[in-house]
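Each remark here refers to the structure printed beneath this line.
The values are calculated or read from the model by the stated rules, or taken from the named source; none is laboratory data. Note that the structure is predicted; figures quoted are calculated from it, not measured. Glycine also receives a Cβ, built like all others from the backbone with ideal geometry; neighbour counts cover every protein chain displayed.
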Amino acid sequence: MNLLDRYIFKSVLGSCLAAVGLFGFVLMLGNAIRDLLSLVLAGQLPLTTFGELLLLLIPFVVSYALPMGMLTGVLLTLGRLSADSEITAMRAAGISVGRIARPVIILGVLGMATGLYINFEAMPRARLQYQKELADAVRVNPLRFIMPRTFIRDFPGFVIYVGDKQGPVLSNFWLWELDDQQRVERLVRAESGRFDYDEENNALLLTLLKAQVEARDRINPEDFSTPPLVGTFDKTEQVRLPLDNLFGRSSVRQKLKWMTYDQLQQESARLAVMEVAPENAREHAREQMKVKLTVQEKLQNALAMLSFALIGVPLGIKVSRRETSANLGVAVAMALGYYFLTVMVNWLDRHPEYRPDLLFWIPNLIFLAIGLWLFSRIHKQ
């Protein structure tokens, strides 16, 4: 690799790393706000565990940030070189566009190899570990999310309010039981109570003392023309509140996207030899297609690194922009178009007869075709 190759390679690599960092930060921030921020604010998640979970998020966000970062880095670097007339000087010296693009294509191939490793190995392992540690961290003290003087809406069909909490002992307890239309069917007020954790069934057991229960009409709970049925109890029976929707169980169910390449191949082999009844044949074919789609999605996401590098060279030279925001906007728009096409293919998982696993090649083939067409246009100029 001569001086010119090293210059272009280092320039594009620096821009790509900066862009990957930017997109990765945005994606990580979104995931952290969605999954972790509420747990941290509620005191359920220690800051040390929060930091560990953020580190485990890196392979996940990088798997999506790499293609966008590659396209952005190429557009920024080649656009700047073209705007500064450096590309013109290179071509005047007899260097072809293909020769200029060689270090970028090499970087795209290296990026594709990195993407394959992240998609098939690093990301699945980190994502599964992330889910396990998140569930375990919250399960260490499942009562942390019971915050005094706060309306708790985490349990489907219930709203809970606790005036004070000392360990598992509660005081000034209120519970509203809601119907499917979020109307109050029953109101429970208690002077005190206690939460116990049933680890085996992953549920909270609620026992109330000196409780008053108001039961309303289940058909029309908002009809106040008839008085509600009221009952008082010195001690109620235990009420079971499942936590599966909040924390999940200790054994996190491994999704297909969280499987490594070897695990996906094993799952494919398992489904291939499975005997199914004729009435379940269509659903079985759909399960097999899901595995193929997962493999293709990971593969095509890595191949997009090369496609974006190829299309970014002529596009960056042609637009000749120094403006970072303009090039960033072009890159984001093209990346969104690519991911939209992949999402459309994923929608066909219910129709294995259309071979959506092969249709996954369409987005990359389109971008490769556009890149080659742009190369031919610039070469003729």
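Cβ separations smaller than 9 Å between residues 6+ apart or across chains give the following pairs from region 207-223 residues that are without any contact (Cβ under 8 Å) to a residue 24 or more places away in the chain to residues that are surrounded by 14 or more Cβ atoms within 10 Å (Cβ to Cβ) and part of a strand (DSSP E or B): D217/E185.
Being over 20 Å from A309 (Cβ atoms) and exposed (fewer than 13 other Cβ atoms within 10 Å of the Cβ) is the requirement here; does R355 meet it?
yes
Inclusion of A369 among residues that are of a type in the set (A, V, I, L, M, F, W, C), modelled with pLDDT under 80 and out of contact with any Gly (no Cβ under 7 Å at 6 or more places or on another chain) is not warranted. Annotation note: Cβ proximity below 7 Å between a residue of region 328-344 that is touching a residue at least 24 places away in the same chain (Cβ under 8 Å) and a residue that is of a type in the set (S, T, Y) (sequence gap 6+ or interchain) occurs for L328/T72; A331/T72. Six or more apart or on different chains, Cβ under 7 Å: which pairs go from a residue in region 253-276 that's surrounded by 15 or more Cβ atoms within 10 Å (Cβ to Cβ) to one that's in a loop (DSSP other than H, G, I, E, B)? Could you list them? As it stands, the answer is E267/M259, since those pairs meet every condition given. Screening L47, L81 for residues that are under 13 Å from S11 (Cβ atoms), out of contact with any Lys or Arg (no Cβ under 6 Å at 6 or more places or on another chain) and either without any contact (Cβ under 8 Å) to a residue 24 or more places away in the chain or crowded, with 22+ Cβ neighbours inside 10 Å (or both) leaves exactly one candidate, L81. When the residues of region 142-167 are narrowed to those that are touching a Lys or Arg at 6+ places or on another chain (Cβ under 7 Å) and exposed (fewer than 15 other Cβ atoms within 10 Å of the Cβ), which ends up nearest to R216 (Cα to Cα)? My answer is G163.
Y117 passes every criterion in (1) in the same structural domain as F9 (by TED's automatic domain parsing); (2) touching a residue at least 60 places away in the same chain (Cβ under 8 Å); (3) not polar (S, T, N, Q) apart from (2). The test for being modelled with pLDDT of 80 or more and out of contact with any strand residue (DSSP E or B) (no Cβ under 6 Å at 6 or more places or on another chain) holds for K165. Residue check: is R102 assigned to a helix (DSSP H, G or I) and without any contact (Cβ under 8 Å) to a residue 12 or more places away in the chain? No, not satisfied. Taken together, D244, D217 contain a single residue that is of a type in the set (D, E), at pLDDT below 75 and surrounded by 10 or more Cβ atoms within 10 Å (Cβ to Cβ), which is D244. Report whether or not L81 is within 33 Å of the chain's Cα centre (by Cα) and of a type in the set (A, V, I, L, M). Answer is no for this residue. Of the residues in region 10-27, how many are surrounded by 20 or more Cβ atoms within 10 Å (Cβ to Cβ) and among the β-branched types (V, I, T)? Result for region 10-27: 2.
Among the conditions (1) under 29 Å from V313 (Cβ atoms); (2) within 24 Å of the chain's Cα centre (by Cα), the only one that G98 does not satisfy is (2). May I ask you to list the residues in region 193-214 that are of a type outside the set (V, I, T), in contact with a Phe, Trp or Tyr (Cβ under 9 Å, 6 or more places away or on another chain) and buried (at least 17 other Cβ atoms within 10 Å of the Cβ)? If the condition is that a residue be of a type outside the set (V, I, T), in contact with a Phe, Trp or Tyr (Cβ under 9 Å, 6 or more places away or on another chain) and buried (at least 17 other Cβ atoms within 10 Å of the Cβ), then G193, N202, A203, L204, L206, L208, L209, A211 are the ones that fit.
Screening V40 with (1) of a type outside the set (D, E); (2) surrounded by 18 or more Cβ atoms within 10 Å (Cβ to Cβ); (3) more than 23 Å from L310 (Cβ to Cβ) gives one miss only, at (2). Looking only at region 1-28, residues that are closer than 23 Å to V330 by Cβ and either outside the structural domain of M305 (by TED's automatic domain parsing) or not basic (K, R) (or both) come to 19 in all.
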